[in-house]
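Working notes, structure below.
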Amino acid sequence: MEDSHHCRICKSDTELKWPSNLENTISSDSFAITDAHYGQTSAIYQCKQCGFRQCNDLQDVLSFYEDLEDQEYENGRKERYLQAKALLKELKDLQPQGKLLDVGAGSGILVEAAIEAGYEAEGLEPSTWLQEQAIERGLPVKKGVLSDVSESEQYDSITLIDVIEHVVDPIMLLKEIKARLAPDGYAMIVTPDCHSFFARMLRRKWWHYRVAHIGYFNLSTLKAACTESGLDVISYNRPGWFFTMDYLWVRVMQYFPRWLRCKPMNWMNRKTVSINLRDSLMVIVKAEASHPHGEG
Ligand SMILES: [Zn+2]
């Protein structure tokens, strides 16, 4: 990054939207996928030109992910598996088989679902703990990030599920994807939508405003980032999510005053619900035909 105060998508100037409200020092725990401290972020800046929101003060967050452990994430494996299956269904129409790479694969949940769906799938994950969970299950997930993969490795599909909001240079990540997509390859990108109804209504209290998210997209900034990286958006959708009732309960309770909060009831444990709050974006992209492989 040449200048942290310029928009990470269009390079224009940014202005402060909300100052930091972090109560504690940042640690790997703050980066847990299941972190429930909604609304706590470092200062959020907004681009004067395109409206992209980003945390200018957080530059190197990869080391937090490397040390991340998240048992609660593993506990929700069944629900995340259903989620992965639903996402792969969207990809299946365009790319029914071939080599698939899941970037930010966690403990290999999507990789497992993709193998089941007939893909030759593998994953990449920076957290040692999560990657080890995948290996213990016999799932092909390597420790690392996309830049560790040689550009000569080409994939028919690349999935980037809830990852792009965590990186300091989303354009570079998208260009790295483009460089590793086979000529007829497709990539699927999923990220929260900061212009969704709930995001607008809850403002900073929206559940996706959290310390680990350092970039906030809406459909237009996500499309702009793809175009800037030489990727054409083929389609977009708003995927729903699967949760257990108790997981959801704990998170809904965050919106109640402390004295009104109560623990989930026993019957809620492991009871799965599917909801679509329409506050997540999914785009499917492919490399622009006019740009030869390797450019940019
Ligand atoms: Zn911008």
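The values are calculated or read from the model by the stated rules, or taken from the named source; none is laboratory data. Being a predicted model, the structure only gives us computed values, none of them experimental. Heads up, the Cβs are rebuilt from the backbone with ideal geometry, glycines too, and the neighbour counts pull from every protein chain shown.
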Query - Evaluation of P96 against (1) within 22 Å of L281 (Cα to Cα); (2) at pLDDT below 95; (3) more than 17 Å from the chain's Cα centre (by Cα) (one fails), failing number - result: (2)
Query raised in the report: Got a sec? Which of G185, G215, G230 is touching an Asp or Glu at 6+ places or on another chain (Cβ under 7 Å) and on the phi > 0 side of the Ramachandran plot?
Result: G230
Report task. Could you check, for segment 148-161, whether at least one of its residues is touching a His at 6+ places or on another chain (Cβ under 9 Å) and surrounded by 22 or more Cβ atoms within 10 Å (Cβ to Cβ)? Result -> no
Query raised in the report: Which of (1) under 21 Å from the mean Cα position of the chain (by Cα); (2) within 16 Å of the ligand (Cβ to nearest atom); (3) not basic (K, R) is the odd one out, the single condition D13 does not satisfy?
Result: (1)
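Does at least one position in segment 156-171 carry a residue that is over 27 Å from Q54 (Cα atoms) and modelled with pLDDT of 95 or more?
Checking segment 156-171: at least one residue is over 27 Å from Q54 (Cα atoms) and modelled with pLDDT of 95 or more.
Rundown of residues vs (1) assigned to a loop (DSSP other than H, G, I, E, B); (2) over 30 Å from M245 (Cβ atoms); (3) more than 14 Å from the ligand (Cβ to nearest atom), yes/no style:
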residue: N24; (1), (2), (3): yes, no, yes
residue: D29; (1), (2), (3): no, no, yes
residue: A84; (1), (2), (3): no, no, yes
residue: L94; (1), (2), (3): yes, yes, yes
**Report entry** Qualifying residues in segment 38-57 (those that are part of a loop (DSSP other than H, G, I, E, B) and more than 10 Å from the ligand (Cβ to nearest atom)) - the one modelled with the lowest pLDDT
**Finding:** Y38
Query raised in the report: Quick one: which of D29, D35, D3 is under 25 Å from R80 (Cβ atoms), of a type in the set (D, E) and modelled with pLDDT under 75?
Result: D35
Report task. Could you check segment 227-296 for strands (runs of 3 or more DSSP E) lying wholly inside it with 3 or more residues that are surrounded by 13 or more Cβ atoms within 10 Å (Cβ to Cβ)? Result -> 231-237, 241-244, 280-287
